[in-house]
Amino acid sequence: MDRRRFLTLAATTLAIPGLIGRAHANPVAGQSLPIPDILDVTGSADAVLEAIRGTTAFVEGGAARTTGYSQPYLGPVLRMRRGEIARPVLRNRLDIPVTAHWHGAHVPGAVDGGTQLAVAPGASWAPELEIDQPAATLWYHSHIHGQTGRQVYHGLAGMMIVEDPGAQNLGLPSAWGVDDIPVIIQDRRFGRGGHFAYDLDMPTVMHGVRGDTVLVNGAVQPNASVARGLVRLRLLNGSNARIYTLKLDDGRGFHQIASDGGFLPAPVARDALVLAPAERAEIVVDLSDGATVRLVSLPDTNAPMGGMMGGGGMMRRMMGGMAGTDPEAVTDDGAFAVLSLTPDRPAPAGQALPRTLAGAPAPISDEPVRRRRIGLQMGPMAMRGAGNPLAINGKAYDMGRVDFETRRGEVELWEVSSDMMAHPFHIHGTSFTVLSRNGRRELFEQMGAKDVLLVDGEAEILVEFRKPADRATPYMFHCHILEHEDGGMMGQFTVA
Ligand code: C2O
Ligand code: CU
Ligand code: CU
């Protein structure tokens, strides 16, 4: 595609909101929050994930064709203990190749479930994962090149929890489904018959797929019956492209206790939290007053047109939600409902918010051995080199090309820059420390260890390579707007 054609296509984005309109069918909101089962993958010998097809009724009088791991949509929560070997088995019962990528896990490239590790229809995959990282909330999802967006949208994703028996936080809410709540947030759009509408044209690919309906754990804006006390929410943005700005609708604050790579050194008081695609955060909300509150989100303003038209302002806001794709607002500032919390269950005894958090990862303190520039490119910038509207450093992703080689134990400083809009940048196989964004210093106490960082301009991160990845199964680094990743904004590297 040449530059003029791209610009024409991008400009038609302006017409899209009118075309989309609201969903045809009425989503059934307010059901009770499904709490996924826990599948222990270190304790049990038989931790099988079966990629299967199903149907799921999200809207009145309709059902969507969905896929999931051992269930019709999404999958069980995989629990693994540090210091043990996890032995998940993936069986592919679908007629398309799939993978299970352990997003955020510090495991070698050979078992990380990236694009090279496709499991053919009818085949199985049984990796051994040595769990060697702090307690954290991670996730897993399929990662077939060019199909990741479609496959995750239809349900091939789930949450993963690493526990660290050597670092226990006594008092931290930990009763599953009572005061320790998994919250997988996704936005979807429904078409005729209640099916998912995952239709890609160039503007949608550029923008990333958004939906006008919010799902949590596969239910539309559900209600969770929780403890009347401290409630821990394990937040995972499992959306393809939407960025959430989460807060509580009655204005109460909360404490963030963990980010992607595990606990923060100490709880951080916040009023709101931005969660980009693939990011995780654990928060503790005090509901001991017994009042029902809603977790809500401000609309997403991330859009390529804002950048193209000189950035910021009205245009960016207008294009941000692609108008018709924002869920209906429930508060004056335009926030929409994500999840209601009704504290109608007795709080487990001994709940407390520790002053400092045991087992929090430490910042990377070594001197970097080299600097590396990673340019996340989009539109005219990308096409100059890659001949493709989505690229990194002038090249669109190529499964057969290793972009660079690194060495175990070495620390590198990566300067990541973005074009045209904000991009959530992700690296496989490790966690990194954020030094700065747009020249402003970022504090480890606030950010924690990360594996996804929203880059809108420039960011500096310190990356340490912890596990090996050879040329046959290199690690990927990419934008986690899944349509950008599928479209070529991805690269791969080895660790010797
Ligand atoms: Cu969430 Cu390359 O992955
Ligand atoms: Cu990953
Ligand atoms: Cu992107």
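Listed values, structure above:
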{"item": "Filtered residues of the range 413-447 (kept if among the β-branched types (V, I, T) and either within 16 Å of ligand 2 (Cβ to nearest atom) or within 27 Å of M206 (Cα to Cα) (or both))", "result": "V416, I427, T430, V434"}
{"item": "Output for the range 22-36, where each listed residue is modelled with pLDDT under 95, within 16 Å of G218 (Cβ to Cβ) and in contact with a Ser or Thr (Cβ under 9 Å, 6 or more places away or on another chain)", "result": "P27, A29, G30"}
{"item": "Single residue of the range 415-436 satisfying the filter (within 16 Å of ligand 3 (Cβ to nearest atom) and in a strand (DSSP E or B)) that is surrounded by the most Cβ atoms within 10 Å (Cβ to Cβ)", "result": "H423"}
{"item": "Segments classed as strands (runs of 3 or more DSSP E), wholly inside the range 250-289, with at least 2 members that are farther than 17 Å from L236 by Cα and not basic (K, R)", "result": "262-270"}
{"item": "Test: residue in the range 439-461 that is part of a strand (DSSP E or B), more than 16 Å from ligand 3 (Cβ to nearest atom) and free of Cβ contacts under 8 Å to residues at least 24 places away in the same chain", "result": "yes"}
{"item": "Filter result (in a loop (DSSP other than H, G, I, E, B), under 22 Å from G488 (Cα atoms) and in contact with a Leu (Cβ under 8 Å, 6 or more places away or on another chain)) within the range 114-142", "result": "S142"}
{"item": "From the options R401, R437, residue that is farther than 12 Å from F493 by Cα, among the charged types (D, E, K, R) and either out of contact with any Cys (no Cβ under 8 Å at 6 or more places or on another chain) or away from ligand 1 (no atom under 16 Å from the Cβ) (or both)", "result": "R437"}
{"item": "Which listed residue, of G191, G122, G146, G211, is more than 16 Å from ligand 2 (Cβ to nearest atom), without any contact (Cβ under 8 Å) to a residue 40 or more places away in the chain and of a type outside the set (A, V, I, L, M, F, W, C)", "result": "G122"}
{"item": "Answer residue from the range 44-90, given it is buried (at least 20 other Cβ atoms within 10 Å of the Cβ) and among the β-branched types (V, I, T) and is farthest from D112 (Cα to Cα) among those", "result": "V59"}
{"item": "Inter-residue pairs, beta-carbon under 7 Å, first of a type in the set (V, I, T) and in the range 470-496, second assigned to a helix (DSSP H, G or I), 6+ apart", "result": "T473/G109; T473/A110; T473/Q116; T473/L117"}
{"item": "Output for the range 202-224, where each listed residue is within 17 Å of the chain's Cα centre (by Cα) and under 30 Å from P380 (Cα atoms)", "result": "H207, G208, V209, R210, G211"}
{"item": "Residue within the range 473-494 that is more than 16 Å from ligand 1 (Cβ to nearest atom) and either in contact with a strand residue (DSSP E or B) (Cβ under 7 Å, 6 or more places away or on another chain) or not in a strand (DSSP E or B) (or both) present", "result": "no"}
{"item": "Residue within the range 361-368 that is surrounded by fewer than 18 Cβ atoms within 10 Å (Cβ to Cβ), within 27 Å of the chain's Cα centre (by Cα) and in contact (Cβ under 8 Å) with a residue 12 or more places away in the chain present", "result": "yes"}
{"item": "Qualifying residues in the range 387-398 (those that are in contact with a helix residue (DSSP H, G or I) (Cβ under 6 Å, 6 or more places away or on another chain) and in a loop (DSSP other than H, G, I, E, B)) - the one nearest to ligand 1 (Cβ to nearest atom)", "result": "A396"}
{"item": "Residue satisfying all of: in the range 132-157; of a type in the set (G, A, S) and within 15 Å of the chain's Cα centre (by Cα); farthest from G191 (Cα to Cα) among these", "result": "A136"}
{"item": "Residue that is small (G, A, S), at pLDDT 95 or above and assigned to a helix (DSSP H, G or I), where the choices are A105, A110", "result": "A110"}
{"item": "Qualifying residue in the range 224-238 (condition: of a type in the set (V, I, T), out of contact with any Asp or Glu (no Cβ under 8 Å at 6 or more places or on another chain) and not in a loop (DSSP other than H, G, I, E, B))", "result": "no"}
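The values are calculated or read from the model by the stated rules, or taken from the named source; none is laboratory data. Bear in mind that the values here come from a model prediction, so they are computed numbers and not experimental data. Using ideal geometry, Cβ is built from the backbone for each residue, glycine included, and neighbour counts are taken over all protein chains shown.
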